[in-house]
1. Mind listing which chymotrypsin sites (Phe, Trp or Tyr not before Pro) in segment 142-187 are in a DSSP loop and have 12 or fewer other Cβ atoms within 10 Å?
2. Do any trypsin sites (Lys or Arg not before Pro) in segment 87-180 lie in a loop, going by DSSP, with at most 15 other beta-carbon atoms within 10 Å of their beta carbon, and if so which?
3. Quote to one decimal, in nm, the extra length available between Asp107 and Asp162 on full extension: 0.36 nm per residue of separation minus the C-alpha distance between them.
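Read-outs throughout are calculated quantities, based only on the coordinates presented, and are distinct from any laboratory measurement. Quick caveat: nothing in here was measured; it's all calculated off a predicted structure. For neighbour counting, all protein chains shown are included, and Cβ atoms are generated from backbone atoms with ideal geometry for every residue, glycine included.
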Amino acid sequence: MVPPTRRGLLRAAPIAVLPLSGCAGSNSGRSVSRSASEGTGTTVPGGTVETSPESVLIRADTDAPPIRFEDAEGSGADDPSGSFRTSYGVVDSRSRAEALVVDGAVDGTDAEALVSATDFGAETLYLETRSVEECFRLRLCDVSWAGDEIRTNYARLLRRYDERCAADAEVFESRLIRIPEALDRESIRSYGSGTGGESRCRGAPPNDAKAGGTRVSSAGGDGE
């Protein structure tokens, strides 16, 4: 694993950055009753579905999610074991975005650009991290949301035959997904994520690493 050095995700952006403190992990003293599920990943009933969201993926062999919240609120909040196999977080304001950090072992340029260009008066960023077997990769099929819930769907694909990997190793895939609606993170009570075969991505071109406007960075493991 790469040492979990980190830097503020917005340090390169042309806005003020608040001092950061704390460490990633479980909730930071605030009661959270949110639920998370790993299941069919069907879309939010009656919600809005976006099949081509603007997003940034960082895939990395690091000790903690390559994109995470420095103050620990959100990242890993629905993973009491602290293993970070799946973690979620909603970024609904510029001040909340200032709590994001990117691992120092990876290139955070694309993530910084996405955060900097987000209009939090009309848009929201959704941070989701999944632990993935090194010989596979995930393709984001869609994101759906309603007032109190966010769900994602992924296709699980084998990496190319010429990419080296270890069958018993896992890496993180952290995604910042832009939702074209202003959401209130305090109102989001439930998260869901499902994984299936390639056919799960409706209309996505096969083996297109950047379908849906995804920009990819990687360290210690190849991206999509």
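1. For chymotrypsin sites (Phe, Trp or Tyr not before Pro) across segment 142-187 that sit outside H, G, I, E and B with at most 12 neighbouring Cβ atoms in 10 Å, the list reads Tyr161.
2. When the trypsin sites (Lys or Arg not before Pro) of segment 87-180 are filtered for loop state and at most 15 Cβ neighbours within 10 Å, Arg160, Arg164 remain.
3. Separation in residues times 0.36 nm, less the Cα-Cα distance, equals 17.5 nm.
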